[in-house]
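Okay, structure first, notes after.
The values are calculated or read from the model by the stated rules, or taken from the named source; none is laboratory data. A quick note: this is a predicted structure, and the numbers were derived from the prediction, not measured. With ideal geometry, Cβ positions are generated from the backbone for all residues, glycine too; neighbour counts draw on all protein chains shown.
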Amino acid sequence: MILRVKNIKMIIILFMLTVWFGCQAVASEERIYIEEGKVGDIAIGMNISSLMKKYPAGFNKTFIQSEGDQEPAYIYRFNNGKSIILEVNEEKGRKDTNVIWLISVDDPYFKTNKGIGVGNTFTEVKKAYPNAAFSATQEESIGLNENGLWFSFDISQVKREWWLQKEKDISALNNIKVNVITIFQRPK
């Protein structure tokens with residue numbers, strides 16, 4: 001009987017320690033931010049081969065459709081399980097071969113330092129980035145661009161009539177939501 005009570009006490013103590021340390025790990029996890037030119041410590045201009053050596057478990061190669069072509073890309077998974085897509089130039093003979101030139105984020109976990117991420121509305125992005133340049137292309141995309149951050153919006157809620165307007169009333173876009181944030185190298 002005494003042995004059983006000691007075992008139960010030990011199990012309870014181990015359980016409490018596991019819960020406490022688990023909570024500490026979650027509480028101490030730092031958010032990974034989208035910043036100018038980077039997400040966390042992954043930045044535009046970094047060599048993908050060097051990164052793959054540094055973080056071998058975090059990368060998976062894939063291909064994405066871009067303007068009718070299959071382009072090489074890598075999915076990078078951070079330690080917390082959240083991932084981003086890295087586009088890399090793999091053309092031989094270029095000085096920027098194997099260099100990240102674009103990062104795409106489609107997970108609401110990632111936020112800019114102004115609290116904007118996937119799922120925020122057009123109005124929220126405009127409020128946080130009042131100088132962001134507006135762009136709309138022939139029923140394909142709507143975006144806001146500021147300092148190498150491109151906020152793409154879900155256009156499924158935009159009425160066809162809006163696209164046909166000569167002078168676009170952007171107030172009709174107030175509630176559309178960000179579905180991808182792209183970080184790219186600004187021309188110098």
- Message: Considering only the range 156-178, I want to know if a residue exists there that is surrounded by 16 or more Cβ atoms within 10 Å (Cβ to Cβ), in a strand (DSSP E or B) and either hydroxyl-bearing (S, T, Y) or in contact (Cβ under 8 Å) with a residue 60 or more places away in the chain (or both).
- Response: yes
- Extreme residue, surrounded by the fewest Cβ atoms within 10 Å (Cβ to Cβ), among residues of the range 106-138 that are over 22 Å from E161 (Cβ atoms) and aromatic (F, W, Y): Y109
- Among the residues of the range 67-95, which ones are closer than 14 Å to T182 by Cα and small (G, A, S)? A73, S83
- Does I181 fit the bill of being of a type in the set (A, V, I, L, M), under 17 Å from the mean Cα position of the chain (by Cα) and buried (at least 19 other Cβ atoms within 10 Å of the Cβ)? yes
- Query: If you take the residues of the range 66-93 that are of a type in the set (S, T, N, Q) and within 19 Å of D107 (Cα to Cα), which of them is surrounded by the fewest Cβ atoms within 10 Å (Cβ to Cβ)?
  - Reply: N79
- Message: Looking for something surrounded by fewer than 16 Cβ atoms within 10 Å (Cβ to Cβ), β-branched (V, I, T) and at pLDDT below 95 - is there at least one such residue anywhere in the range 94-101?
- Response: yes
- Residue pairs meeting the criteria (Cβ under 9 Å; at least 6 apart or on separate chains; first touching a residue at least 24 places away in the same chain (Cβ under 8 Å), in the range 53-82; second part of a strand (DSSP E or B) and of a type outside the set (A, V, I, L, M, F, W, C)): Y74/N60; Y74/K61; Y74/T62; Y74/E87; Y76/N60; Y76/S83
